[in-house]
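Here the structure comes first, spelled out in structure tokens, and everything after it is commentary.
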Amino acid sequence: MSLEPWKNDPNFTQSELWQAVFASKNLGVFWKDRDRRFLGVNDYFLSYYDLELADVLGKTDEEMGWNEQVDRFKNIEEKVLEDGQGQITWGTTVARGKSRTIIAYKEAIYRERQIVGLLGFFSDVSQQQDRLDELSKEARWDSLTMLKNRWALEQADLTGQELILMIVDIDYFKQVNDTYGHQAGDEALKLVAEALKQEFGDQYCYRYGGDEFLVVGPVSQKDLREKFQAVQKALQDRQIFGKKVPLSLSGGYVQAVPQNEQDLDAMLQRADQYLYQSKEQGRKCLTGEN
């Protein structure tokens, strides 16, 4: 924190600046000794945790038991006390019986060029974090089909277990758009998504892009083929906006135990090759590794 702007201001001394910081209504201030034990806190800190000063003095965070990521906060403070570099961190704490998200900044305190403790500030960012969590969740879902999207697939941990990966697309989807209109095409995508969720469960289904869909999960080849046929049957003779629209799928699949992202990419490429084999064989079928 720089105090330079106040050096030549006779109306606002350095002491008054620190008084304003400690009297803050939305900033927790605290200072600790070399053993990370509290030497003091401001009024907001006590109000935030609903404590008295005597409850805090001489205690460590671990003894207070309020931080949910104990090691994260502890390691940051130990680093500040070791090398003197200020550190910013965030995590969750329990205040007044509720889990809250805070962001904290901690800086070393020196006496005669020796680190004797640390000074810290924290601010509650729970509302901002809740909104970020909402946005993150929204970003993982395709707004049209309400299936998980490609970004959700990239974030999923799918390694180290046997999986079947199936990629499907809608046969002659361009003709559906050209003949019945793009709104009908959107409805067709929704119908396919619903049929896939019905058979495989929405936790395993993704909209990969355009009219391509993925199913990724611990499904046997026998079950995969049976469920694929059930999806085909569910799409037969469906009506969209009162008109009979023929819908069918072509698909390709592989089965493997991916160990890393490169293995998953290779599975996708092989499944895509099998998809094109299905198209070459007349569409409306599923091809894969036996």
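The values are calculated or read from the model by the stated rules, or taken from the named source; none is laboratory data. Every value quoted in this text rests on a predicted model; they were computed, and no experiment measured them. Glycine also receives a Cβ, built like all others from the backbone with ideal geometry; neighbour counts cover every protein chain displayed. The protein model used for the area step is the full one, side chains on, heavy atoms only, and it has no ligands, DNA or RNA in it. Shrake-Rupley method; radii C 1.70, N 1.55, O 1.52, S 1.80 Å.
On a per residue basis, the chain carries 57 Å² of accessible surface, using protein heavy atoms and a 1.4 Å probe. The long axis of helix 182-200 is offset from the longest Cα principal axis of the chain by roughly 80 degrees. The calculated 222 nm mean residue ellipticity attributable to helices in the chain amounts to -12500 deg cm²/dmol, summing -39500 (n - 2.57) over DSSP H runs of n ≥ 4 and dividing by all residues. Split the accessible area of the chain by element, probe 1.4 Å, and carbon with sulfur accounts for 46%. Extension gain, Arg111 to Asp157, is 11.7 nm, computed as 0.36 nm per intervening residue step minus the present C-alpha separation. Working from label points 7 Å from Cα in the Cα-to-Cβ sense, the Leu51 to Asn260 distance is 4.5 nm. Note on Lys174/Gln129: beta-carbon distance plugged into 1/(1 + (r/R0)^6) with R0 of 41 Å gives a FRET efficiency of 0.40.
Here the calculated FRET efficiency for Arg72 and Arg37, from their Cβ-Cβ distance with R0 = 22 Å, stands at 0.70, rounded to the nearest 0.05. Between Asp202 and Arg283, the contour length at 0.36 nm per residue exceeds the Cα-Cα span by 26.7 nm.
Extending 7 Å from Cα along the Cβ direction at Lys98 and again at Ala184 yields two label points whose distance is 5.2 nm. Counting only alpha carbon atoms, the long axis of helix 221-235 and the longest principal axis of the chain meet at about 70°. Restricting the calculation to Cα atoms, the chain yields a radius of gyration followed by a Dmax of 29.2, 86 Å. How far, in degrees from 0 to 90, does helix 70-83 lean away from the longest principal axis of the Cα atoms of the chain, to the nearest 10? For 70-83 against the chain, the angle is about 50 degrees.
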